[in-house]
2 protein chains.
Amino acid sequence: MYKRVRVKQALASGPETALEVRGWARTVRCGKEVAFIALNDGSCFGSLQVVAGPSLANFDEICRLGTGSAIAVRGRVVPSPAAGQAVELAAEEVRVIGPSDDSYPLQKKRHTMEYLRTIAHLRPRTNTFGAVFRVRSSLAQAIHRFFSEHGFLYVHTPIITGNDCEGAGELFRVTTLPLDKPPLVGGRVDYSADFFGQATGLTVSGQLEGELYALAFSDIYTFGPTFRAENSNTSRHAAEFWMIEPEMAFADLQDDARLAEEFFRYLCRHVLDECHDDLAFFNDHIDKGLIERVRQVADSSFAMMEYTEAIEQLKKAPISFSFPVEWGLDLQSEHERYLTEQVVKGPVFIVNYPKEIKAFYMRRNNDNRTVAAMDLLVPKVGEIIGGSQREERLDLLEARMAEAGIDPTGLWWYLDSRRWGSCPHAGFGLGFERLLMYLTGMENIRDVIPFPRTPRHAEF
Amino acid sequence: MYKRVRVKQALASGPETALEVRGWARTVRCGKEVAFIALNDGSCFGSLQVVAGPSLANFDEICRLGTGSAIAVRGRVVPSPAAGQAVELAAEEVRVIGPSDDSYPLQKKRHTMEYLRTIAHLRPRTNTFGAVFRVRSSLAQAIHRFFSEHGFLYVHTPIITGNDCEGAGELFRVTTLPLDKPPLVGGRVDYSADFFGQATGLTVSGQLEGELYALAFSDIYTFGPTFRAENSNTSRHAAEFWMIEPEMAFADLQDDARLAEEFFRYLCRHVLDECHDDLAFFNDHIDKGLIERVRQVADSSFAMMEYTEAIEQLKKAPISFSFPVEWGLDLQSEHERYLTEQVVKGPVFIVNYPKEIKAFYMRRNNDNRTVAAMDLLVPKVGEIIGGSQREERLDLLEARMAEAGIDPTGLWWYLDSRRWGSCPHAGFGLGFERLLMYLTGMENIRDVIPFPRTPRHAEF
């Protein structure tokens with residue numbers, strides 16, 4: 001008779017529906033004649049107002065309920081006289097499942113983001129983090145839907161990898177060797193005794209393996225965790241983050257840019273359409289102007305500009321930059337933002353960068369000095385997507401690796417993929433947390449990851 | 001005029017459609033008057049038969065094409081006189097993009113699974129592995145769809161974790177310490193100098209963190225990589241694999257079993273409906289009877305049996321087991337298979353196990369000697385899903401941890417979740433590769449993971 005539904009469904013129910021809702025009390029206000037409970041179960045931003053009267057046998061118990069208590073409520077949906085809500089729940093039974101008390105860390109008041117990070121196990125129960133992680137989930141599911149609808153194969157590339165493991169660099173080492181007495185041979189670690197019989201670490205990208213699959217399935221994507229052992233404490237760096245990397249066979253840089261634009265606009269459109277309440281909260285409380293900014297990107301055609309022209313634009317800019325501007329140098333954040341915000345006034349792909357500042361696998365252009373790379377720049381953050389057409393010509397790839405000092409021995413399989421049935425192919429990478437920051441206005445990457453990993457932080 | 005489509009769409013096109021297809025030649029057969037190319041682009045199991053005549057300017061080049069060559073073909077769809085295909089493509093232009101030759105390791109012949117593992121970068125281009133990884137992708141997307149449709153929040157629980165990192169156990173260590181000269185304090189490794197300022201490893205499960213999110217969003221799931229540094233070389237163990245772990249607040253063991261049954265049957269139904277050609281291949285070439293077995297599970301109601309009754313059934317079994325059967329001992333694979341194959345003759349949940357053989361977080365039953373655990377057993381493999389209702393009572397949880405010798409210090413946040421607004425909750429775990437083996441008939445876990453990680457193997 002009382003059908004159990006989620007708060008989201010209860011709020012959309014017609015009057016007189018009998019239902020049961022279970023969740024946590026966000027606030028409890030009690031008078032002599034009536035008690036109001038704001039009940040939230042995480043299914044949506046809003047809470048359901050539960051109205052309980054003194055005729056309920058446990059009215060006293062209800063009035064003593066602490067913030068954060070878990071309860072189950074049966075009752076009927078009635079029109080609400082209160083502002084901001086169409087309906088409320090007239091309680092016929094309130095069952096206390098798990099009480100709470102004054103020691104609960106999330107009493108009704110403002111907490112700093114810094115404090116909430118120290119209670120990352122409880123912060124999803126707040127308005128802000130409820131909204132963040134609903135959007136995170138919804139976006140992740142939208143990403144899978146986008147690629148599924150476009151016929152892309154989802155590939156799980158490996159997390160533990162033997163690539164790049166000789167130079168330490170930004171790689172986390174993965175090992176089962178006893179760290180207090182590692183086996184040494186001639187003073188060097190004997191990795192032949194390690195679990196994998198070689199040095200291994202955590203992947204920084206699934207691209208190279210993704211390319212192998214694109215050369216069998218045409219269109220593929222990865223969506224998984226990647227790692228950087230970079231000791232930088234900024235608001236934009238985490239040691240563990242999720243990345244999306246599509247790769248298309250028989251595709252060039254123009255195809256790549258087309259996919260990136262369609263994908264990015266799809267995700268903007270998705271949060272506008274499907275995460276409306278959460279986005280309205282961010283727009284009101286976190287980042288005024290968010291919705292308008294996202295809408296503009298969703299509706300705009302992305303521009304494209306050669307790197308060489310970008311340098312010219314920067315040189316004649318009426319402002320002075322902190323970092324030098326010269327053909328051959330990489331663009332800094334200040335340059336990127338100037339280009340997208342002041343020159344183009346919208347999203348822009350910068351394409352064809354000098355080969356010296358880009359990765360070895362990018363395809364050499366006919367001018368012999370640039371490669372078919374692209375960065376998508378968007379207002380407010382600068383670069384958000386980086387991609388390229390890959391070098392599919394074996395001789396040129398080998399030459400470029402030699403030039404860049406990359407040992408081909410460990411990458412024999414990558415070279416093999418250019419040996420038989422090679423073809424033009426292209427792809428890009430999008431950091432999922434950067435995307436989330438962009439679409440929610442949250443300013444610290446620690447606040448869009450459930451349990452962030454940063455230097456000296458691996459709690460929970 | 002020639003619209004580029006994938007092979008899958010070409011095979012479903014009506015006669016006279018003008019189109020372009022790009023892919024790889026699986027076989028090339030050439031006569032004086034005509035050349036036949038089986039063209040595959042990974043979009044589906046089948047290849048498109050391309051028919052090229054000597055009127056094409058490069059007919060000689062076409063005839064010399066090696067297996068595995070990348071080509072682009074323009075032409076018109078025509079009804080095919082050949083058996084097993086409705087249409088073929090009458091080529092008007094065949095462009096060779098990336099040639100292949102006799103050194104290509106995948107010449108038309110049978111290769112052993114063992115050999116194909118040594119060329120994991122090329123094996124997705126074979127029939128078998130094309131089918132495996134299409135099903136893998138399709139199932140992964142179906143899993144997200146299932147939970148999305150059921151209102152479950154997708155949570156990315158951390159990969160790098162400080163939990164369980166004191167005892168070495170089956171954990172991979174993650175570190176940036178120099179292994180050749182680790183910092184020692186009193187002969188022990190000084191982890192305070194490590195990247196995270198503590199000992200860290202790769203997660204074995206996201207469940208504990210998942211519970212925290214269920215207590216904020218009601219229904220959540222994780223789907224991500226998990227790790228075991230177990231030195232076992234069996235066909236069912238990998239060091240890195242993907243796991244699905246849903247968790248529901250306000251749910252008991254019965255709710256948990258209901259979800260597991262609905263989920264598992266949904267996935268069986270999905271491969272039958274959506275992966276038909278790939279499944280037909282497995283049924284014909286890998287595991288005769290596969291489709292019938294999957295169909296039976298998809299259509300059956302799952303039984304439920306108490307552990308205590310299971311022991312009685314095993315004791316009176318007319319066969320002798322290798323492992324002892326006694327109340328208090330865990331069930332072995334031979335026992336599980338007997339129960340599901342001989343006693344129940346279908347899927348069965350075994351529930352309420354002795355607490356001593358189950359994990360500390362499982363909920364104590366009123367009999368004081370069992371916990372609300374469940375294992376789903378299915379014919380042919382035995383256990384495929386393991387789950388439980390979690391102990392939500394703080395005092396009982398603490399007592400059980402003390403009993404099991406688990407230090408509560410590092411799990412303060414887990415205990416906290418029982419302190420305020422605690423509620424009954426339950427969940428389960430499903431190993432994605434085990435599921436895939438079950439639904440494809442593939443017998444080695446190394447053959448359902450793109451680049452498997454096992455002892456002494458981390459290639460590619």
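The values are calculated or read from the model by the stated rules, or taken from the named source; none is laboratory data. Note that the structure is predicted; figures quoted are calculated from it, not measured. Because the Cβ atoms are built from the backbone with ideal geometry, glycine has one as well, and the counts that use them run over all protein chains shown.
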Exercise. When only residues in segment A:7-25 that are of a type in the set (D, E, K, R) and surrounded by fewer than 20 Cβ atoms within 10 Å (Cβ to Cβ) count, which is farthest from residue A:102 (Cα to Cα)?
Worked result: A:16
Problem set entry | Residue that is farthest from the other protein chains (Cβ to nearest Cβ) [pool: residues in segment A:175-194 that are under 13 Å from residue B:456 (Cα atoms) and not in a loop (DSSP other than H, G, I, E, B)] | A:193
Exercise. Of all residues in segment A:137-172 being within 20 Å of residue A:411 (Cβ to Cβ) and not in a loop (DSSP other than H, G, I, E, B), which is nearest to the other protein chains (Cβ to nearest Cβ)?
Worked result: A:160
Problem set entry | Residue in segment B:250-272 that is within 14 Å of another protein chain (Cβ to nearest Cβ), touching a residue at least 60 places away in the same chain (Cβ under 8 Å), closer than 30 Å to residue B:173 by Cα and crowded, with 19+ Cβ neighbours inside 10 Å present | no
Exercise. Restricting to segment A:232-249, what's the tally of residues that are closer than 17 Å to residue A:158 by Cβ, within 11 Å of another protein chain (Cβ to nearest Cβ) and over 18 Å from the mean Cα position of the chain (by Cα)?
Worked result: 0
For this session: Scan segment A:90-99 and give yes if some residue there is free of Cβ contacts under 8 Å to residues at least 60 places away in the same chain, outside any strand (DSSP E or B) and under 26 Å from residue B:248 (Cβ atoms), otherwise no.
Result: yes
Exercise. Do we find that residue A:212 is over 24 Å from residue B:231 (Cα atoms) and more than 22 Å from the chain's Cα centre (by Cα) in this structure?
Worked result: yes
For this session: Among residues belonging to segment B:195-204 that are facing chain A (nearest Cβ under 7 Å) and polar (S, T, N, Q), point out the one that is farthest from residue A:174 (Cα to Cα).
Result: B:198
Problem set entry | Unique match (being free of Cβ contacts under 8 Å to residues at least 24 places away in the same chain, in the same structural domain as residue A:313 (by the TED database) and within 29 Å of the chain's Cα centre (by Cα)) among A:381, A:371 | A:371
Exercise. If only one of A:55, A:43 is hydroxyl-bearing (Ser, Thr, Tyr), at pLDDT 95 or above and surrounded by fewer than 16 Cβ atoms within 10 Å (Cβ to Cβ), which one is it?
Worked result: A:55
Exercise. For segment B:195-212, does any single residue satisfy the condition of being crowded, with 18+ Cβ neighbours inside 10 Å, part of a helix (DSSP H, G or I) and of a type in the set (A, V, I, L, M)?
Worked result: yes
For this session: Could you tell me which numbered condition residue B:106 fails, if it satisfies all but one of (1) of a type in the set (A, V, I, L, M, F, W, C); (2) in a loop (DSSP other than H, G, I, E, B); (3) at the interface with chain A (Cβ under 7 Å from one of its Cβ atoms)?
Result: (3)
Exercise. Between residues in segment A:312-334 that are exposed (fewer than 10 other Cβ atoms within 10 Å of the Cβ) and residues that are of a type in the set (D, E, K, R), which pairs lie under 8 Å by C-beta distance while being six or more apart or on different chains?
Worked result: A:322/A:334
Seminar exercise, completed: Reported set for segment A:117-128 where residues are touching a residue at least 60 places away in the same chain (Cβ under 8 Å), of a type outside the set (Val, Ile, Thr) and buried (at least 16 other Cβ atoms within 10 Å of the Cβ) is A:117, A:120, A:121, A:124, A:125
Problem set entry | Residue ID - nearest to the other protein chains (Cβ to nearest Cβ), chosen from residues in segment B:31-88 that are among the aromatic types (Phe, Trp, Tyr) and within 27 Å of residue B:123 (Cα to Cα) | B:45
Exercise. Do we find that residue A:455 is surrounded by fewer than 23 Cβ atoms within 10 Å (Cβ to Cβ) and at the interface with chain B (Cβ under 8 Å from one of its Cβ atoms) in this structure?
Worked result: yes
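Residues to consider are B:114, B:88; find the one that is on the phi < 0 side of the Ramachandran plot, crowded, with 19+ Cβ neighbours inside 10 Å and acidic (Asp, Glu).
B:88
Residues that are under 30 Å from residue B:124 (Cα atoms), at the interface with chain A (Cβ under 10 Å from one of its Cβ atoms) and of a type in the set (S, T, N, Q): does segment B:432-445 have at least one?
No, because not a single residue in segment B:432-445 is under 30 Å from residue B:124 (Cα atoms), at the interface with chain A (Cβ under 10 Å from one of its Cβ atoms) and of a type in the set (S, T, N, Q).
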For this session: May I ask you to list pairs of residues, at least six apart or on different chains, whose Cβ atoms are under 9 Å apart, with the first in segment A:205-231 being farther than 28 Å from residue A:419 by Cβ and within 9 Å of chain B (Cβ to nearest Cβ) and the second being among the polar types (S, T, N, Q) and surrounded by 22 or more Cβ atoms within 10 Å (Cβ to Cβ)?
Result: A:225/A:203; A:227/A:203
